[in-house]
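A.B. asks: Please read through the structure below; I'll follow up with questions.
The values are calculated or read from the model by the stated rules, or taken from the named source; none is laboratory data. In this text the structure is predicted, and so the values were computed from the model without any measurement. For neighbour counting, all protein chains shown are included, and Cβ atoms are generated from backbone atoms with ideal geometry for every residue, glycine included. Ligands, DNA and RNA are excluded from the accessible area calculation, which covers all protein heavy atoms including side chains. Shrake-Rupley method; radii C 1.70, N 1.55, O 1.52, S 1.80 Å.
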Amino acid sequence: RIVAEVPGNTLVKIPACPEGYRAIRELAEVGIRSSCTAVFDVGQALLAEAAGAVCVAVYVSRLDRAGCDGIGAVRDIATAFRKIGARAMVCAASLKTPRDVERALLAGAENVTVDLALLNQLATSPLT
């Protein structure tokens, strides 16, 4: 229903968990594209990619708040995906600062999600 009501470049968000990987596979089999969300490590990303996810969304700041390295996770997943020739994109999500966006892209994220406030911060610089 989501894809029918929102045509175009629509991805259905599915969480990274056993039921989610199953749903990603079932959706892919009927031509519905999905983004696997709440990805925190290489293992989850590889399972999502194998199931047919178009994108894996790594929650950077949630990893950082848990004492982990969110940008490091993006880097590790991007490296693993390159090594296996993965088709899924690495998306850095839950970014809080313009520097987070920069670091995520340099770490190999192919896309990022930002809210309007962060987008506005990215559009300006106090040095301009």
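A.B. asks: Where Lys and Arg each count +1 and Asp and Glu each count -1, what net charge lies around G43 among other residues with Cβ under 12 Å from its Cβ?
C.D. replies: Counting the neighbours of G43, the net charge comes to -3.
A.B. asks: Further question: How much net charge surrounds S61 when only other residues with a Cβ under 11 Å from its Cβ are counted (Lys, Arg +1; Asp, Glu -1)?
C.D. replies: Around S61, the surrounding residues sum to +1.
A.B. asks: From largest accessible area down, sort V6, V30; use a 1.4 Å probe on the protein chains.
C.D. replies: V30, V6
A.B. asks: Under 8 Å for C-alpha pairs, at least 6 residues apart: give me the relative contact order for the chain, rounded to a whole percent.
C.D. replies: It rounds to 18 percent for the chain.
A.B. asks: May I ask for the net charge around V74, where only other residues with Cβ less than 13 Å from the Cβ of V74 are counted and Lys, Arg are +1 while Asp, Glu are -1?
C.D. replies: Net charge around V74: -3.
A.B. asks: Rank R65, R75 by accessible area, highest first, at a 1.4 Å probe radius?
C.D. replies: Result of the area sort, largest leading: R65, R75.
A.B. asks: On the full set of protein chains, 1.4 Å probe, figure out the accessible area of T97 and give it in Å² to the nearest 10.
C.D. replies: 50 Å²
A.B. asks: Could you compute how much accessible surface E26 exposes when probed at 1.4 Å, giving the result in Å² to the nearest 10?
C.D. replies: Solvent-accessible area, nearest 10 Å²: 110 Å².
A.B. asks: I'd like the Karplus ³J(HN,Hα) series for region 2-15: coefficients 6.51, -1.76, 1.60, θ = phi - 60°, whole numbers in Hz, and an x wherever there's a Gly or Pro.
C.D. replies: 4, 5, 5, 7, 10, x, x, 8, 8, 10, 7, 7, 10, x
A.B. asks: How many angstrom lie between the Cα centre of region 62-121 and the Cα centre of region 22-44?
C.D. replies: Rounded to whole Å, the Cα centres lie 18 Å apart.
A.B. asks: Let me ask something else. Quick one: divide the alpha-carbon radius of gyration of the chain by 2.2 N^0.38 Å and tell me what you get.
C.D. replies: Against the empirical 2.2 N^0.38 Å value, I get 1.09 for the chain.
A.B. asks: Hey, with R₀ at 25 Å, roughly what FRET efficiency would D69 and T10 work out to, going by the Cβ-Cβ distance, to 0.05?
C.D. replies: 0.20
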